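Worksheet: one structure, shown below.
The values are calculated or read from the model by the stated rules, or taken from the named source; none is laboratory data. Just so it is clear, the model here is predicted, and its values are computed rather than measured. Every residue, glycine among them, receives a Cβ derived from its backbone with ideal geometry; neighbour counts consider all protein chains shown.
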Amino acid sequence: MKKIAIIGAGNVGKVLGYALKNKGYRIIASFSRTAESRKLAAGLLECPVFSEPEKAAGEADIIFLTTPDRVIKEVCASIAAKKGFKKGQIVLHTSGAHSSEILSSAREDGASILSFHPLQTFPEFKVGLRSLPGTFFTVEGDEEAFPVAGEMVQALEGQMLSIPTDMKPVYHAAACVACNYLVSLMDIALKMYGLMDIPPEKAFESLSPLIYGTLGNIRDLGPEKALTGPVARGDVSTISSHIGKMKELVPKLVPLYRQLGLYTVYLAARKGTLNKEQEDQLKTLLGGQENEC
Ligand SMILES: NC(=O)c1ccc[n+]([C@@H]2O[C@H](COP(=O)([O-])OP(=O)(O)OC[C@H]3O[C@@H](n4cnc5c(N)ncnc54)[C@H](OP(=O)(O)O)[C@@H]3O)[C@@H](O)[C@H]2O)c1
């Protein structure tokens, strides 16, 4: 079984290291910055824990750089400067935002580089470990390292998705839209319920069947067929009444409402439920024809 070093044994490093150890991988070394974190890692990963990252990289076949995003490049470069990498090793990071290219200093020493992003959230060890099975790992970088990445994903009971290196920002933006912007949309809906003095918990409870039902429909039917509501029906006067009341009560939310509504017009047009007149009226009401999506 392959030998692994975990450089940055924080939330992700500990969870992935521990899970891979349980599947027979050998965790031969790890690094953390603080003494407290090193003690925790030593207990969980049952390996020597170093206070200098280059000492941890040593004899490993696969080196996980699971430090915060902001220092991955610098930690990698500092290990490379101390000749900590060698030919045949795989050096990877788990950031969703950055591409594998931030590890190019390791490639210069003959290592293969990857980004290996678990599309999952790891707030703490036990929760993270529990949520691993079924997780998608998005991988890009040096193709010769893909089979090893695939073996790890299989061992972790996950699924692998590979993307081109130059599309990493698009991939991460899509994940932000699906996750973070969904949170923002929900916050807006709760705020609008607040205008009727309905507290957020009650608002969410009442919206829940609609939210989860819609997600289920998107999963089962795809976005076009899942789309219902006034835009899909071409109810121009209904949309006009929304904008009128929102201008009065929450004017700052109107531009976002218009922009999302406009995107929805294009989706409804794809669905084929609008006639040309309704489509044109909605585009004019929501933002003008120049906003082609
Ligand atoms: N957490 C998530 O939900 C999640 C999900 C997917 C991907 N990721 C990615 O996984 C990576 C690690 O995230 P994480 O949440 O596991 O981070 P974390 O819990 O903060 O752990 C970071 C690790 O790096 C060490 N470290 C902190 N600052 C450092 C520095 N300046 N130089 C060297 N080492 C440093 C920490 O040591 P100490 O513990 O001693 O401070 C710790 O071992 C990031 O790239 C992140 O984007 C995270």
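Yes/no per residue for (1) in contact with a strand residue (DSSP E or B) (Cβ under 9 Å, 6 or more places away or on another chain); (2) in contact (Cβ under 8 Å) with a residue 40 or more places away in the chain; (3) near the ligand (Cβ under 10 Å from one of its atoms):
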| site | (1), (2), (3) |
| --- | --- |
| VAL75 | yes, yes, yes |
| ILE79 | yes, yes, no |
| GLY96 | yes, yes, yes |
| ALA111 | yes, yes, no |
| GLN120 | yes, no, yes |
| GLU124 | no, yes, yes |
| THR135 | yes, no, yes |
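Within the range 164-181, residues that are in the same structural domain as SER99 (by TED's automatic domain parsing) and without any contact (Cβ under 8 Å) to a residue 24 or more places away in the chain reach no partner that is surrounded by 11 or more Cβ atoms within 10 Å (Cβ to Cβ) and part of a helix (DSSP H, G or I) with beta carbons closer than 7 Å at six or more positions or on different chains. Pairs linking a residue in the range 35-58 that is in contact (Cβ under 8 Å) with a residue 60 or more places away in the chain and on the phi > 0 side of the Ramachandran plot to a residue that is small (Gly, Ala, Ser) and part of a helix (DSSP H, G or I), with Cβ atoms under 9 Å and 6 or more positions apart or on different chains, do not occur. At least 3 residues that are in contact with a Gly (Cβ under 9 Å, 6 or more places away or on another chain) in each: list the helices (runs of 4 or more DSSP H) lying fully within the range 194-293 that qualify. Those helices (runs of 4 or more DSSP H) span 236-249, 254-271, 276-286. Within the range 55-71, identify whether any single residue is farther than 24 Å from SER131 by Cα, among the hydroxyl-bearing types (Ser, Thr, Tyr), in the same structural domain as SER99 (by TED's automatic domain parsing) and part of a loop (DSSP other than H, G, I, E, B), and answer yes or no. Checked against the condition, which is being farther than 24 Å from SER131 by Cα, among the hydroxyl-bearing types (Ser, Thr, Tyr), in the same structural domain as SER99 (by TED's automatic domain parsing) and part of a loop (DSSP other than H, G, I, E, B), the range 55-71 yields no hits at all. The residues of the range 74-104 that are of a type in the set (S, T, N, Q), part of a helix (DSSP H, G or I) and either touching a His at 6+ places or on another chain (Cβ under 9 Å) or more than 16 Å from ILE7 (Cα to Cα) (or both), listed by number, are SER100, SER104. For the range 1-35, a residue qualifies if it is assigned to a helix (DSSP H, G or I) and either in contact with a strand residue (DSSP E or B) (Cβ under 7 Å, 6 or more places away or on another chain) or not basic (Lys, Arg) (or both), and the qualifying residues are ASN11, VAL12, GLY13, VAL15, LEU16, GLY17, TYR18, ALA19, LEU20, LYS21, ASN22, ALA35.
Among the residues of the range 61-97, the ones that are over 17 Å from SER115 (Cα atoms) and either among the small types (Gly, Ala, Ser) or touching a Cys at 6+ places or on another chain (Cβ under 7 Å) (or both) come to 4 in all. Total residues in the range 125-164 satisfying the condition of being part of a loop (DSSP other than H, G, I, E, B) and within 24 Å of LYS73 (Cα to Cα): the figure is 3. With respect to LYS21, is the statement that it is more than 11 Å from the ligand (Cβ to nearest atom), of a type outside the set (Ser, Thr, Tyr), within 20 Å of GLU151 (Cβ to Cβ) and out of contact with any His (no Cβ under 6 Å at 6 or more places or on another chain) true? Spelling it out, LYS21 is indeed more than 11 Å from the ligand (Cβ to nearest atom), of a type outside the set (Ser, Thr, Tyr), within 20 Å of GLU151 (Cβ to Cβ) and out of contact with any His (no Cβ under 6 Å at 6 or more places or on another chain). A Cβ distance below 8 Å, combined with a sequence gap of six or more or placement on separate chains, defines the contacts here; from the range 1-13, residues that are under 13 Å from SER30 (Cα atoms) reach residues that are of a type in the set (S, T, N, Q) and more than 6 Å from the ligand (Cβ to nearest atom) in the pairs ALA5/SER30; ILE6/SER30; ILE7/SER30; ALA9/SER30; GLY13/SER30.
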